[in-house]
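Report on the structure given below.
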Amino acid sequence: MKIRKGDRVRVIAGKDGVAGHEGVVMFALPEQEKVIVEGAGMVKRHQRQTRQTQQAGIIDKDMPIHVSNVMLICKACGPTRVGYAIDEGGKKFRVCRKCGEELESN
C-alpha cells in the first residue's frame, strides 16, 4: 500500500460530499486496504458510558475509506500518483509521478 500514516491526502470519491476533502491519514489498515482520514467519512454512533470518564451519547466517528479513493498530495504539484525508485545505495523510496520529486516518509 502506497499511502502511509501521516500523509496528506485528498479524497477523490465517496458519499455525502466527502469528495474533495483534504486531510491527514490518522491510521493505515493495509490488511483491509483502507485508511482513516481526519475529518472524512464521519458517521454518528451511539456510545454507552463504559467508564466514569467516557461520555455517553451520540458521538462523531471517523470511518475507514478504501485506499483507491484517496490521492497523495505532493507539495510541489498537488494530488498525484505514487511511484517507487531505488538509489545507488539500494534504498527504496517513494516518488511523485508528476514531477519525480522524492516524497518524504513520516
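The values are calculated or read from the model by the stated rules, or taken from the named source; none is laboratory data. Keep in mind that this is a model prediction, so the values were computed, not measured. Positions of Cβ are generated from backbone atoms using ideal geometry, with glycine treated the same way; all protein chains shown enter the neighbour counts.
Using beta carbons and a limit of 6 Å, which pairs, at least six apart or on different chains, have the first residue in region 70-92 and closer than 18 Å to VAL11 by Cα and the second one part of a loop (DSSP other than H, G, I, E, B)?
Close Cβ pairs (under 6 Å, with a partner that is part of a loop (DSSP other than H, G, I, E, B)) amount to MET71/ILE12; LEU72/ASP7; CYS77/LYS98; CYS77/CYS99; THR80/ARG97; THR80/LYS98; ARG81/ARG97; VAL82/LYS2.
Of the residues ILE59, ILE65, ILE73, only one is β-branched (Val, Ile, Thr), in contact with a Gly (Cβ under 9 Å, 6 or more places away or on another chain) and surrounded by 12 or more Cβ atoms within 10 Å (Cβ to Cβ); which?
ILE65
Does ARG81 satisfy the criteria of being surrounded by 10 or more Cβ atoms within 10 Å (Cβ to Cβ), over 27 Å from GLY17 (Cα atoms) and modelled with pLDDT of 90 or more?
No.
Taking region 12-26, which residues are closer than 12 Å to ASP62 by Cβ and part of a strand (DSSP E or B)?
If the condition is that a residue be closer than 12 Å to ASP62 by Cβ and part of a strand (DSSP E or B), then GLY23, VAL24, VAL25, MET26 are the ones that fit.
Which residue pairs have Cβ atoms under 9 Å apart, sit 6 or more places apart or on different chains, and have a first residue in region 4-19 that is free of Cβ contacts under 8 Å to residues at least 12 places away in the same chain and a second that is of a type in the set (A, V, I, L, M) and buried (at least 16 other Cβ atoms within 10 Å of the Cβ)?
ALA19/VAL11
Restricting attention to region 27-56, and to residues there that are modelled with pLDDT of 90 or more and in contact with a Gly (Cβ under 8 Å, 6 or more places away or on another chain), which single residue is nearest to ASN69 (Cα to Cα)?
Checking each candidate, the answer is VAL37.
Where residues in region 27-50 are among the charged types (D, E, K, R) and part of a strand (DSSP E or B), which of them is nearest to ARG94 (Cα to Cα)?
LYS34
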